[in-house]
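Inspection log for the structure reproduced underneath, given as structure tokens.
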Amino acid sequence: MPPTIPPLLSPSELSYLHTSLSLTPPIRPDARSPTSFRPLVAETDLLPAANGSARLCFADGTEAIVGVKGEVEKTTNTTTTGGRSGGKGGGKGGGIDVIDMDVDEVEEVGSGGEGRWIEVSVDMPGQRDDDAMVVFLGEMIHEGLVADQFLQNRLVINNRWHWRLYIDILLLSPPLTYPLPLLSLTTHLALLSTHLPAPVQGLEKDDDPLFNDDWDAAVPLYPPSTPTNPPNPTSNTNSNKKPTTARPPITLLVISIGSNIFFDPSHAELAVADSVVAVTIASSSSSSSNEAEDLSLLAVRTIDPPSRLSSSSSTTDADAGREEEEGVWKAKKGGVRRDVLGRMIGMCTERGGVGAEVLSGLEGFT
Amino acid sequence: MDRRRVNGPAGGTAPPVYASTLTGKTASAANRTRQPNEIRKIFVKTGLTPSASGSAYLELESSPATHHSKSLTNRTPALKLTCTVHGPRPLPRSAPFSPQLLLSTRVKFAPFAARQRRGYIPDASEKDLAAHLETALRGVLIGERWPKSGVDVVVTVLEGEEDCPLEALAEGNQGGRIGGWGLMSILSGCITVASAAVTDAGIDCVDLITGGVAAIVRQPSAPLQLVLDPCPSDHEEIVAACVIGYLQSRDEVTELWAKGNISPSSSGKETKPLCFETLVDLAVEAANGARRVLVEAIKESTEAKLESSAVG
């Protein structure tokens, strides 16, 4: 899956980039430090018809809009009340709605949230919607969102009803760089600004839900991280849990060149990257009591570096250790070393590291 | 009322629900009989498809049958994959010049691979697997030796794994379109079998790549535990898992896919902390195990080829 159009850089340009980026300390083309991000412009809550939305614009002109919409849906389950083991033979075929299921049973299955209640769709200009890259990006963002169970469980209204969340990601500009960080940060902001209508209190547990039509009374999907969290109003099953400061996850794109590690790579830097890794992190929801928040790692994926597609690359075993050699740069064969990989992850997740910095920066938008 | 046709009943009908014939509520399908650091037995054979330039077949044994697994619904699935490699062959005339071998990968579940039927049109999870496989393979192929040509790597999953214990499956709790942990073992198998097939096709690689999986699992009434090569139907809950495409002789990783709730660093108390580094190390261990089998299989098929060429 070629992430972008192969870079249109000459061999000497590539060689120059690679040399300056593998120096210690490295020199990036735009004179940033290895861990600094490009400036970005963001606004939230701009689409009046969506439950939450955000627009993010990077300095290189790439721009994305995310709209989040919620729909109330009936929870269907294939279990029948009496024949739990009897239903096994039919697999998923049945589709019988459960009318009176034990409350305990729902809690036992992790209070019911399911990953498929969250639908992520990515739209990129000039790409078919079944293109490998679009699928890959959508899966990756979805994977991060469902990894820490918080969002799914938050969507439960009661035993019979739940929210279905549609997250529609629209990339407005042509994909110049690998658009993953842009899309993930925009999704993060959109989810933070998402409000769902508040249910009317005082109904029976499994009644059809009624919602307050006052938009000002709507409850945020992710409760604001104040020490006094309101009791979770959207869901009865969750209200007795301890307050969490869960935030939506973000995905960072990290590249390594030689033994140097860079965050937020530009188009030119991606063209000479030895390895590209996407790391999904979130502030860990369990450590609400801790002062220094730990980050939890939700997903890691290696991405095919575009440098392997560039024209001149012929490094084989015979010439190992020829990276210092003068001349035309050639893309490295093989993969990334384990210690470099470990360092890349470590820089994202350590306390006071890049991940924490990005998360706290995004906090300012809400 | 149309009297020329057989009409269904006017009202809706409910499908009949039969009482269970299984004794015991859940018969505890979730039990692993292997040691935590023991991988499943692997069978690899190369060169089974004569029409392809390279091919391989890989099978992972299913868990041994126990008393409650006589029923068809309780049978634990095995993993069976075949891979064919077509090429290197010239690109069509219309294609633009490519200085190196163009790799295209495809992973397809056979319609009968899992409990649920899969259609013929690749769905999102199959495309996702193919993207992962491509990342894994592109790092090892030495593509410059075949300019202007392409190679197709097609993996067919003949029998895949269920994503979760069977009780949960019956509850319809399958976790949606992707995100099944079973996909991770399948990807690891895909990497290994594709590596064998590429070798069989005689395409130059920098090393033999093999896949390995490790996971953090929660067993009933036990703390979190690290296991190699998890079979999703053996465990009550998988907390996190990691697939790796590993080059042993270079100690490098071309493909890494981890997901779940992983604590990034060790807290330093336990001997085997449940952190990311340990998970990767264990996945590498599993990949090394697979490599031993792969090397033997390739040696065997090469000897067979030599013999047949000596006779012919």
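Candidates in the range B:105-139 are the residues that are outside any loop (DSSP other than H, G, I, E, B) and of a type in the set (D, E); of these, the one that is surrounded by the most Cβ atoms within 10 Å (Cβ to Cβ) is B:D128. Would you mind telling me which numbered condition in (1) modelled with pLDDT of 55 or more; (2) of a type outside the set (D, E); (3) closer than 24 Å to A:L189 by Cβ A:S285 fails? Only one criterion is unmet by A:S285, namely (1). For the range B:114-149, filtered to residues that are of a type in the set (G, A, S) and more than 29 Å from B:G202 (Cβ to Cβ), the residue that is nearest to the other protein chains (Cβ to nearest Cβ) is B:A124.
Here are B:E237, B:E252: which of them is at the interface with another protein chain (Cβ under 10 Å from one of its Cβ atoms), over 19 Å from B:D281 (Cβ atoms) and of a type in the set (D, E, K, R)? From the options B:E237, B:E252, the qualifying one is B:E237. Screening the candidates B:G189, B:G182 for the property of being over 15 Å from B:K259 (Cβ atoms) and of a type outside the set (D, E) yields one hit, B:G189.
The values are calculated or read from the model by the stated rules, or taken from the named source; none is laboratory data. The shown structure was predicted, so the numbers you read here are calculated from the model rather than taken from an experiment. Every residue, glycine as well, gets a Cβ built from its backbone with ideal geometry; the counts of neighbours run over all protein chains shown.
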